[in-house]
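Worksheet: the structure to be examined is printed underneath.
The values are calculated or read from the model by the stated rules, or taken from the named source; none is laboratory data. Keep in mind that what you see is a predicted model, and the values were worked out from it rather than measured. We place every Cβ from the backbone using ideal geometry, glycine too, and count neighbours over all the protein chains shown.
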Amino acid sequence: MPEVRVIGEEGEQLGVLGIQEAIRAARDRGLDLVEVAATAQPPVCRIIDFGKYQYEQKKKANEAKKKQVTITVKEVKFRPGTDDHDYDYRMKHAREWLQEGDKVKATIWFRGREMTHRELGSRILAKLEGDLADVGEVEARPRMEGNQMFIIFGPKRHKTAGKIEHAAPPPSGSSGPATPPPAAPGGSSGPAPQGDS
């Protein structure tokens, strides 16, 4: 007859029992016998309320899902001849998305003869990189793929918080000696005399 290691509802060890005996022990308490470790030798079963167990497992899965951060990649598209107003409009959108925590893919679309002037696209992407340097960092350098050139920005991670704490002035009640103001040249510590004009 197969045997299982049984754990009670409070976590106490009930020992190794036969399956029928373990089921009877669970029914006597008005609970269920649930296998929790099938690969162990002997398999481990627990006496619990199975409905409550399922509810807790679902709740844990939902909590884990809530803690996951979903990052979306949003795209701004340019042409080699994009004018300043259109560039500013798209750059502001990219800035907003980076500040919200999303990634941004900036794409330059080339058509026909524009492919011979890839440097125009490179200039736009270099300018965009400079304009977004304070809120984003480059995750994928500019590269060509077919008739388009693209760059990917990710939100900037703030590493300055620890540095600011160390740069703060000491509190006013510090134990160090107070330094007097420097003496004026000539030996007197009073205000300098003013001449008649």
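Within the set 57, 99, 148, the sole residue that is surrounded by fewer than 16 Cβ atoms within 10 Å (Cβ to Cβ) and either in the same structural domain as residue 34 (by TED's automatic domain parsing) or among the acidic types (Asp, Glu) (or both) turns out to be 57. Has the range 32-54 got at least one residue that is surrounded by 14 or more Cβ atoms within 10 Å (Cβ to Cβ), of a type in the set (Gly, Ala, Ser) and farther than 29 Å from residue 102 by Cα? Within the range 32-54, one or more residues are surrounded by 14 or more Cβ atoms within 10 Å (Cβ to Cβ), of a type in the set (Gly, Ala, Ser) and farther than 29 Å from residue 102 by Cα. Is it true that some residue in the range 112-127 is under 19 Å from residue 154 (Cα atoms) and either without any contact (Cβ under 8 Å) to a residue 24 or more places away in the chain or not assigned by TED's automatic domain parsing to the domain that holds residue 149 (or both)? The answer is yes; a qualifying residue exists.
Once the range 58-83 is narrowed to residues that are aliphatic (A, V, I, L, M) and assigned to a helix (DSSP H, G or I), the residue that is farthest from residue 107 (Cα to Cα) is 61. Taken as a whole, the condition of being at pLDDT 90 or above, over 18 Å from the mean Cα position of the chain (by Cα) and either surrounded by 10 or more Cβ atoms within 10 Å (Cβ to Cβ) or not hydroxyl-bearing (Ser, Thr, Tyr) (or both) does not apply to residue 135. If you check residue 112 against the conditions, is it in contact with a Pro (Cβ under 9 Å, 6 or more places away or on another chain) and small (Gly, Ala, Ser)? In short, no. For the structure I just gave you, tell me whether residue 116 is surrounded by fewer than 13 Cβ atoms within 10 Å (Cβ to Cβ), among the β-branched types (Val, Ile, Thr) and modelled with pLDDT of 85 or more. So residue 116 fits the description; yes.
Working only within the range 26-43, note down all residues that are assigned to a loop (DSSP other than H, G, I, E, B) and within 14 Å of residue 16 (Cβ to Cβ). Reasoning before the result, please.
Filtering the range 26-43 down to residues assigned to a loop (DSSP other than H, G, I, E, B) leaves 29-31, 38-43.
Scanning the range 26-43 gives 40, 41, 42, 43.
Do we find that residue 9 is assigned to a loop (DSSP other than H, G, I, E, B) and either touching a residue at least 40 places away in the same chain (Cβ under 8 Å) or touching a strand residue (DSSP E or B) at 6+ places or on another chain (Cβ under 7 Å) (or both) in this structure?
So residue 9 fits the description; yes.
Within the range 69-106, the set of residues being small (Gly, Ala, Ser) and on the phi < 0 side of the Ramachandran plot comprises 81, 94, 106.
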